[in-house]
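Visitor: For reference, the structure I am asking about is given below.
The values are calculated or read from the model by the stated rules, or taken from the named source; none is laboratory data. These figures come from a predicted structure and were not determined experimentally. We place every Cβ from the backbone using ideal geometry, glycine too, and count neighbours over all the protein chains shown. Only protein heavy atoms, including side chains, enter the accessible area calculation; ligands, DNA and RNA are left aside. Shrake-Rupley method; radii C 1.70, N 1.55, O 1.52, S 1.80 Å.
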Amino acid sequence: MVGRVTGTGSYVPENYYDNYDLEKFVDTSDSWIRERTGIARRHIISEEETTVTMAWKASERALEDAKIHAEEIDLIIVATISSNVVLPCTACEVQKRLGAKHAVCFDLNAACTGFLFAYNTAQTYIAAGLAKCALVIGTESLSKLVDWTDRSTCILFGDGAGAAILQAEEGDFPSMVFHSNGAQGEALSCGSRADYIHMDGQAVFKFAVRQVPLCISELLEKEGLAPEDIDYFILHQANQRIVEAVARRLGLTVEKFPMNLQEYGNTSSASIPILLAELKQSGVLKQGQKIVLAGFGAGLSWGATLIEW
């Protein structure tokens, strides 16, 4: 059995800081940020919003898109590093709000690779016969972990949530590639919820532009595919220059690498499902297309998965 994506949804706060707003906090400028990251604005939760409420709203939209009821869900996995609750887990809080009373729930922490790892975990549950309908969510309130006086990080991160419904049907288990290297973990870290995100930007950039193309190539080699056989590469939305560099190393044009980081910045585990939801809702994704999801980030961890839409 394989889990087919039958519904997607996203939620992003209305509030945002654009690059001109950040000029009030730190020594920066719109042109400086755009040139180095491609980011124009990042959305920020309001006083009434939390990591849980964003996950819940994105999930409601995914359920509506899939045309199913919450009671049909038997597995909820939430990827997050910034939950507003420790216990119960975010997934259980989402279950309660949705009324998904038959679901097994747990959270997963793999930072910016989180949604991809959660998606692969759900696929494994479905293949093993342990679940028939899974809700996979990436949700982050990174604005709570950012030092707004640190120019190296505050320009990058934003808040949001994305969700996908996976329903079991007959099919081959999807191809996946996973990697982690804890020895380089200091490149992107956050000591606790009372601490701030710390990043060696140059180290993370070098890691991403080297390892992501290698990881995607490893995935495609397993399937006997060439980069040209893939319709779209949906990468973690960290930095426009990283996405462009990955495209070049694979010998492809950037048109196969959709981006929305201009609007949202880096939303960590939420970035891939937010982009996936937007592409589905806009009609860009067509049945039968081959799509690669690729995540990379803190851990360090990275991976790629092949989807036939």
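Visitor: Just give me the residues in the stretch 282-303 being in contact (Cβ under 8 Å) with a residue 12 or more places away in the chain, open to solvent by 20 Å² or more (accessible area, probe 1.4 Å) and out of contact with any helix residue (DSSP H, G or I) (no Cβ under 8 Å at 6 or more places or on another chain), in sequence order.
Guide: The answer is 284, 286, 287, 288, 289.
Results for (1) open to solvent by less than 40 Å² (accessible area, probe 1.4 Å); (2) in contact (Cβ under 8 Å) with a residue 60 or more places away in the chain; (3) assigned to a helix (DSSP H, G or I), shown as yes or no for each residue.
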site: 209; (1), (2), (3): yes, no, yes
site: 214; (1), (2), (3): no, no, yes
site: 218; (1), (2), (3): no, yes, yes
site: 222; (1), (2), (3): no, no, yes
site: 234; (1), (2), (3): yes, yes, no
site: 247; (1), (2), (3): yes, no, yes
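Visitor: Of the numbered conditions (1) of a type outside the set (Phe, Trp, Tyr); (2) touching an Asp or Glu at 6+ places or on another chain (Cβ under 9 Å); (3) within 22 Å of residue 277 (Cα to Cα); (4) open to solvent by 20 Å² or more (accessible area, probe 1.4 Å), residue 1 satisfies every one except a single condition; which is it?
Guide: Only one criterion in (1) of a type outside the set (Phe, Trp, Tyr); (2) touching an Asp or Glu at 6+ places or on another chain (Cβ under 9 Å); (3) within 22 Å of residue 277 (Cα to Cα); (4) open to solvent by 20 Å² or more (accessible area, probe 1.4 Å) is unmet by residue 1, namely (3).
Visitor: Of everything in the stretch 55-74, what is open to solvent by less than 10 Å² (accessible area, probe 1.4 Å), within 27 Å of residue 266 (Cβ to Cβ) and more than 14 Å from the chain's Cα centre (by Cα)? Give them in sequence order.
Guide: 59, 62
Visitor: Restricting attention to strands (runs of 3 or more DSSP E) lying wholly within the stretch 1-104, give those where 1 or more residues are touching a Lys or Arg at 6+ places or on another chain (Cβ under 6 Å) and at pLDDT 95 or above.
Guide: 2-11, 16-18
Visitor: Could you tell me which residue of the stretch 110-162 is least open to solvent (accessible area, probe 1.4 Å), considering only residues that are of a type in the set (Phe, Trp, Tyr) and over 22 Å from residue 10 (Cα atoms)?
Guide: So the residue we want is 148.
Visitor: Return only the number of the condition from (1) within 18 Å of residue 213 (Cα to Cα); (2) in a helix (DSSP H, G or I); (3) open to solvent by 10 Å² or more (accessible area, probe 1.4 Å) that residue 262 does not satisfy.
Guide: Tallying (1) within 18 Å of residue 213 (Cα to Cα); (2) in a helix (DSSP H, G or I); (3) open to solvent by 10 Å² or more (accessible area, probe 1.4 Å), residue 262 fails exactly one: (1).
Visitor: Conditions first: (1) open to solvent by 10 Å² or more (accessible area, probe 1.4 Å); (2) free of Cβ contacts under 8 Å to residues at least 60 places away in the same chain. Residue 306 passes all but one, so which condition is the exception?
Guide: The single condition residue 306 does not satisfy is (2).
Visitor: Considering each of 261, 276 in turn, give the residue that is hydrophobic (A, V, I, L, M, F, W, C) and touching a strand residue (DSSP E or B) at 6+ places or on another chain (Cβ under 8 Å).
Guide: Step by step, each of 261, 276 is checked, and only 276 is hydrophobic (A, V, I, L, M, F, W, C) and touching a strand residue (DSSP E or B) at 6+ places or on another chain (Cβ under 8 Å).
Visitor: Turning to a different aspect of this structure: Residue 52 - would you say it is touching a residue at least 24 places away in the same chain (Cβ under 8 Å) and closer than 29 Å to residue 205 by Cα?
Guide: So residue 52 does not fit the description; no.
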